[in-house]
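Below is one structure; the comments refer to it alone.
Computed from the coordinates by the stated procedures, all read-outs in this text should not be read as laboratory data. Since the structure is predicted, the reported quantities are computational estimates derived from the model, not experimental observations. No Cβ is skipped: glycine too gets one built from the backbone with ideal geometry, and neighbour counts run over all protein chains shown.
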Amino acid sequence: MPFKIYGFPPSTCTRRVALVCKELNVPYELIPVSIPKGEHKAPEYLKRQPFGVVPAIDDDGFTMFESRPVARYLVAKYGKGSTLVPDPKDIIATAKFEQAVSVENNHFDEPAGELFLQLVIKPMRGLPKDEERVKTLLATLNSKLDVYEMVLAKQPYLGGDILTLADLFHLPWLYGLTEKAKLDLVTSRPNVARWYQEISSRPAWQAVKDGA
Amino acid sequence: MTILKLYGDPIATCTRRVATVLYEAKVPFELIFVDRVNNAHKTPEYLEKQPFGQIPYIDDDGFILFETRAICRYIAAKYPECKLIPTDLKKNALFEQAASIELNDFDFFAAPTVYEVRSKPRRGLQTDQAVIDANLAALDKKLDGYNAMLGKQKYLAGDEITLADLFHLPHAPILEVHAKSDIMVRKPNVARWYKDLLTRPSWLAYEG
């Protein structure tokens, strides 16, 4: 039975899961849950995902949600030999991976996501930008990416010497901010630019970047 | 082997999150105070260890690590007898799901509330009630999701306690005590789970 993703093709988190499926060559069936139609808040969907957000997955009867945990599960189940998550027996490499994953979720995801909302989503819906909020978000994200620039000067990837999920998790927002919002957050920083160029040119991301 | 050093502040919630897990895992540690009032966390020497200029970080016999949840996971991995992260494929996936819920659905709203009701007054800054109200309203909706899940299982990842439950501890009681909100006890399954967490010896032991 194919791996089922209940999601909305353009959604960040749905694309994050689809990306890892592609990386691991796990075929999937995307079952559409329409956000514009409010299907993510329907009682049948809430049974699957009690917080009413996409995506949720069904792997031959095993159900779960939250895009980053799904990605970890995919690697654990289907990624034999994959280095996208370090071997748990290597406690130090795992700790550095967890530090990088935490940095993405704690430092990057929130300002990046809200900036995308302000600069791309709101104009699309004919809503006015909040200029003050944009200034604050840009200042925050720039200060975080200054740290990334320093870290990526010393090592090729955020977790160390090997590409991991910690790097890939950044792709949906970085793609949106760089290519849709046309910000120079990435291009103005040589090491971040090098890292982004590499991770964004991976065939798995190219396959899902505009829709899972 | 030298004793694990936790660089932080006893009153800070993130430091307490790590200390609670160190107690659970029965790992002796030394807490080294970082004086944020005097910007000790922004010096070049500090930034070498924690480049975001935040507390805490650990030095475990020369191994430096920051991000509280990464530190807690490292402790749980190094001392697996504390059984705070399941290893079975599906149980581990549900643990990761719970840990993601804690960060993205709970702390996303709890952390800014804690900043308003506890950190700002300590620093002589003005609390913004509108921010508190908006975050608590959003958190209340998320706790409906918690209530549904905790109606079917004892803890957030299943029937056994994991790091994902413990991660809630520093911020959840502050909502009760400092924000004077009954948000953690309004829904029956959430209340049961929350009160259980508050009885953990590791939570009670830490006086910091």
Legend entry - Dipole moment magnitude, nearest 20 debye, the protein assembly as shown about Cα centre, only Lys, Arg, Asp, Glu C-beta charged: 620
Legend entry - Separation of the B:Ala130 and A:Thr63 label points, Cα + 7 Å toward Cβ, nm: 4.0
Inset, instruction - For region B:72-94 and region B:106-175, write down the distance between their C-alpha centroids in whole Å. - result: 23
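Is there a quick way to get the dipole size of region A:89-149? I mean about its Cα centre, with the Cβ of Lys and Arg at +1 and of Asp and Glu at -1; what is the value in debye to the nearest 20?
Details: 8 positive and 11 negative charges, 39 e Å.
Its charge dipole is roughly 180 debye.
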Inset, instruction - For chain A, set up a Gaussian network in which alpha carbons nearer than 10 Å are linked by springs, and say which option among A:Ile92, A:Ile57, A:Ile31 fluctuates the most. - result: A:Ile92
Inset, instruction - Can you pull the one-decimal nm distance between simple spin-label points at B:Glu30 and B:Met1, each 7 Å off the Cα toward Cβ? - result: 1.6
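Counting other Cβ atoms within 10 Å, which trypsin sites (Lys or Arg not before Pro) in region B:111-202 have at most 16 and lie in a DSSP loop?
Sites meeting the loop and neighbour criteria: B:Arg123, B:Lys152, B:Lys154, B:Lys180, B:Arg186.
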Inset, instruction - Averaging sequence separations of C-alpha pairs under 8 Å and six or more residues apart, then dividing by the length of chain A, give the relative contact order as a whole percent. - result: 24
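Summing Lys, Arg as +1 and Asp, Glu as -1, what charge do residues with Cβ under 15 Å from the Cβ of A:Asp109 carry, A:Asp109 excluded?
Net charge around A:Asp109: -4.
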Inset, instruction - Calculate the spin-label point distance for B:Asp182 paired with A:Thr83, positioning each point 7 Å from the Cα along the beta-carbon direction, and give it in nanometres. - result: 5.6
Inset, instruction - Any of A:Lys22/B:Lys90; A:Lys135/B:Lys120; A:Lys77/A:Lys209; A:Lys4/A:Lys96; B:Lys42/B:Lys142 with alpha carbons more than 28 Å apart? Name them for me. - result: A:Lys4/A:Lys96; B:Lys42/B:Lys142
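What average number of partner chain Cβ atoms lie no more than 10 Å from the Cβ of the residues making up B:138-144? Write out the running numbers ahead of the final one.
On the way: counts 0, 0, 0, 2, 3, 0, 4.
Rounded to a whole number, the mean comes out at 1.
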Legend entry - DSSP-defined antiparallel bridges as percent of all bridges, chain B, nearest 5: 60
Inset, instruction - Return the loop-located trypsin sites (Lys or Arg not before Pro) in region B:23-61 (DSSP other than H, G, I, E, B) with at most 11 other Cβ atoms within 10 Å of their own Cβ; answer none if there are none. - result: B:Lys26
Legend entry - Given charges at Cβ of Lys, Arg, Asp, Glu: the protein assembly as shown dipole, positive-most of B:Asn104, A:Thr164, B:Tyr79: B:Asn104
Legend entry - Partner chain coverage, peptide A:87-97 - average Cβ within 10 angstrom: 4
Inset, instruction - Return the loop-located GluC sites (Glu not before Pro) in region A:106-164 (DSSP other than H, G, I, E, B) with at most 12 other Cβ atoms within 10 Å of their own Cβ; answer none if there are none. - result: none
Legend entry - Value of [θ]222 nm, deg cm²/dmol, for the protein assembly as shown, DSSP H segments ≥ 4, -39500 (n - 2.57) each, nearest 500: -14000 deg cm²/dmol
